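Undergrad: Attaching a single structure in structure tokens format; questions to follow.
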Amino acid sequence: MMNESLNCCRGQLGTLLRKIFWLFVLFSLVRLLFFVCNHSFFIDVSMGNMGLAFLVGLRVDLCLISLICAPTIVLYLLPMKRFKFVIFLADLWCFLAVSVAVIVNVFDFGYFPFTFRRLGGEIFGQAELLTESFSVCWSALLLHWHLILCGIILLCCAWFISFKITPRNEDKEYRFCVNDCLKFLLSVALLIIGIRGGFQIVRPFRTVQLPIFIGTGNEQFIANNSCLNVIQTKRGDSISNFQFFQDQDELNKLFNPIHSAKNFSPLHGKFAGKNVVILILESFTAQNVGFLDREYKDHPGRTFTPFLDELLAKSLYFDGFANGTVSVDALTSVLMGVPPLLESAFAKSAFMCNKVDPMPEIMKRMGYSVLFLHGGRKNACEFDTTRAYSGIEKYVCKRDFFKRYPQISKSKVMVHWGIYDEEWLQFVSEVLSETELPFCAVVFTLSSHAPFVVPKRYKGSFPTGEHPLQEVTAYSDFALRRFFESAQKTDWYRDTIFILCADHTSCATERYYQKSLGGYSIPFAIFDPSGELHGKSNVVAQQVDIMATVLDLIGYDKPYFSFGHSLFDEKAPHFAVSYRNGVYQIVTDKYVLQFNSNSTVGFYLRSDFLLEHNLIHSAEYKHDMMQLEAFLKAFLQQYSYSLRMNKMTCE
């Protein structure tokens, strides 16, 4: 009898090992399909690095399989009689858990080009957006029909592994033996090691650590697994307690987010009393703006933004960068001067509840009317939450549009997320004409968001490119032209400065814009109808600089808190900071530095636009690298302390 029990135990263990082996094969296939679906992002990845990515990916898969299949493993190895229904429950759990993991990864096959990072815990905060409209989901599926096919194939594989690789018969008779208990305890110990991702003692393996093993290039995205990334970043509002400097004076000398009332730029108060319009252009990546970055482009003579090109030529334009990769990141950066250096959006974190003194509140104290205008539903993308925390009382959305124009059919003026830019921006011009002066208006466009629908009346009217985003960008540019044509006829136009930037980049098709440098490159300009501000500035500009720049131009003369600087402050450091997959990146006019919370992992010249030559071990650039690393450390320590200790004001 003992021999029969032992044979049954071996059969169970053998079946489980075969299951686990084929799960590793399945998730390697998922990784391969992710690469195939997004191959344009990885054309510079060598075969050697590709193999390394798949090898490191096995460790990622070990964590995921151990975690999601833990109940299956335990039920298979429990020292007890295994009835058919117990085995069925174990197999059912395996199928459901693996299916969820597969679906999350397949979703990310199409989502990755939009954010240029693997899906993370932010999905929990955006789930309501995914279910808002059946038409949105259906359009996305039609646009990515091949993803459905991939998903079906992978789910069939999951079903086969779960229900076909299984013991043939239940135990006819089982007798308890000590060996079974020892094997079970050993298996549990190995399971815990698997969930932790190895034998390291201090802390479990996390996907944000991938750059340590594979570098900061795009290979890290191949090695990653979206499902594990979602699980491990579900608490995306955490940040390390950086303690690089013990001397507070030394720290403040390197970087201080509190701006004193003593340091004024040459243009301080030059535009006091002027209206301010901040135009945040949805997904206007610099790749599609013909006027910008011509030396980096695969198609330097091509443009999808003829009007914006004309406007930039008459504006003061900067070397512009986004701080984040999703729309709400731009809003918190612009309104609060706080960059999104967390695993998930700052607006979805616990730190959003911190006491702040944002730009809208300050401008209201200066007598400004402040409003936010977006043609979607009111609580889209956490905009309403951000607007409220920023002190903006008036939120103009699509509901207000249809209150004014109830006779207009929604089917004629609405894309899935909201109102087409042409109609919406005309409405914006009307609203601003009715607003008490002076005003500050934050206008967020919408049409160049997925699923990239151009109004039917304009089908075939705009240039197309490698991606549908480019055609709809051309339409949004046309809508922008019409907005300025209408605004020029108003009384407020001549007394207004316009600040233009994109919220983030998206769907890049050219090599420079698929890298971590060009992946944040956006149009960034100040347009002054009087012509006083014009030309090219070599100053590196980031979205968090907008708050400081606006307050400088309108003459605010009291201390305030912001992680950005006025773009006209000649004494301030000018840089762009961002965070992705465990790596902080800082860009200056000369260098790009990448830092993994402990040490520098990448140091490049700005002229190395594809970031191919890492100078981290170069003696010639060591001094400059150490200086920039010290500055970034000071920035991160101030950022960490301010958020964790709720010290985001001058009080």
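Readers should treat all values here as calculations from the given coordinates under stated rules, not as data from a laboratory. No experiment lies behind these values; they were computed from the predicted model shown. All Cβ positions, glycine included, derive from the backbone under ideal geometry; neighbour counts span all protein chains shown.
Undergrad: Determine the shape class of region 344-394: with a ≥ b ≥ c the square roots of the Cα gyration tensor eigenvalues, call it rounded for a/c under 1.5, and otherwise prolate if a/b is greater than b/c, oblate otherwise.
TA: Judged from the Cα gyration tensor, region 344-394 comes out oblate (a/c at least 1.5, b/c at or above a/b).
Undergrad: Please compute the contact order of region 204-308 in relative form: average sequence separation of alpha-carbon pairs under 8 Å and at least six residues apart, divided by the residue count, as a percent. List each step's numbers first, then the result.
TA: On the way: 34 pairs, mean separation 13.1, N = 105.
Dividing the mean separation by the residue count of region 204-308 yields 12 percent.
Undergrad: Is region 508-651 best put as rounded, prolate or oblate by its Cα gyration tensor, with a ≥ b ≥ c the root eigenvalues, rounded for a/c under 1.5, and otherwise prolate when a/b is larger than b/c, oblate when not?
TA: oblate
Undergrad: Where Rh denotes the Kirkwood radius from the mean inverse Cα pair distance, what is Rg over Rh for region 581-620?
TA: Numbers: Rg = 9.8 Å, Rh = 10.4 Å.
So for region 581-620, dividing Rg by the Kirkwood Rh gives 0.95.
Undergrad: If you don't mind, there's one more thing I want to ask. Using modelled amide H (1.01 Å from N, peptide plane; none on Pro or chain starts), what sits under 5 Å from the amide H of A541, excluding residues fewer than 5 places away?
TA: D319, G320, F321
Undergrad: Using only C-alpha positions, report the orientation-averaged shadow area of the convex hull of region 378-430, nm², one decimal.
TA: 4.0
Undergrad: May I have the extent of the alpha carbons of region 405-533 along their three principal axes, as whole Å values ordered from largest to smallest?
TA: 45, 41, 22 Å, listed from the longest principal axis down.
Undergrad: Measuring from centroid to centroid over Cα atoms, what is the spacing of region 39-72 and region 435-499 in Å?
TA: With region 39-72 and region 435-499 each reduced to a Cα centre, they are spaced 41 Å.
Undergrad: For the chain, give the share of DSSP beta bridges that are antiparallel, in percent and rounded to the nearest 5; count only bridges with both residues there.
TA: 50
Undergrad: Using square roots of five times the C-alpha gyration tensor eigenvalues, list the equivalent-ellipsoid semi-axes of the chain in whole Å, biggest first.
TA: 48, 29, 23
Undergrad: Please state, to two decimals, what the Cα-based radius of gyration of region 214-297 comes to when divided by 2.2 N^0.38 Å (N = residues).
TA: 1.82
Undergrad: Expressed as a rounded percentage, what relative contact order does the chain have, with Cα pairs under 8 Å and six or more residues apart?
TA: RCO, the chain: 19 percent.
Undergrad: Relative to the Cα centre, what is the charge dipole magnitude of region 282-358, using +1 at the beta carbon of each Lys and Arg, -1 at the beta carbon of each Asp and Glu, and rounding to the nearest 20 debye?
TA: In total the dipole reaches around 120 debye.
Undergrad: Another question, then. For the chain, what is the calculated [θ] at 222 nm in deg cm²/dmol (nearest 500), taking -39500 (n - 2.57) for each run of four or more DSSP H residues and dividing by its residue count?
TA: -14000 deg cm²/dmol
Undergrad: Per-residue HN-Hα couplings for region 367-373, Karplus 6.51 cos²θ - 1.76 cosθ + 1.60 at θ = phi - 60°, whole Hz, x for Gly and Pro?
TA: x, 8, 8, 10, 9, 10, 10
Undergrad: Find the relative contact order for region 448-515 and round it to a whole percent, using C-alpha pairs within less than 8 Å whose residues are 6+ positions apart.
TA: On the way: 30 pairs, mean separation 17.8, N = 68.
Computed value for region 448-515: 26 percent relative contact order.
Undergrad: For the chain, list the DSSP H helices whose alpha carbon atoms reach 20 Å or more along the long axis and whose average Kyte-Doolittle value is -1.0 or above?
TA: 2-37, 47-68, 84-115, 145-163, 178-196, 468-487, 622-644
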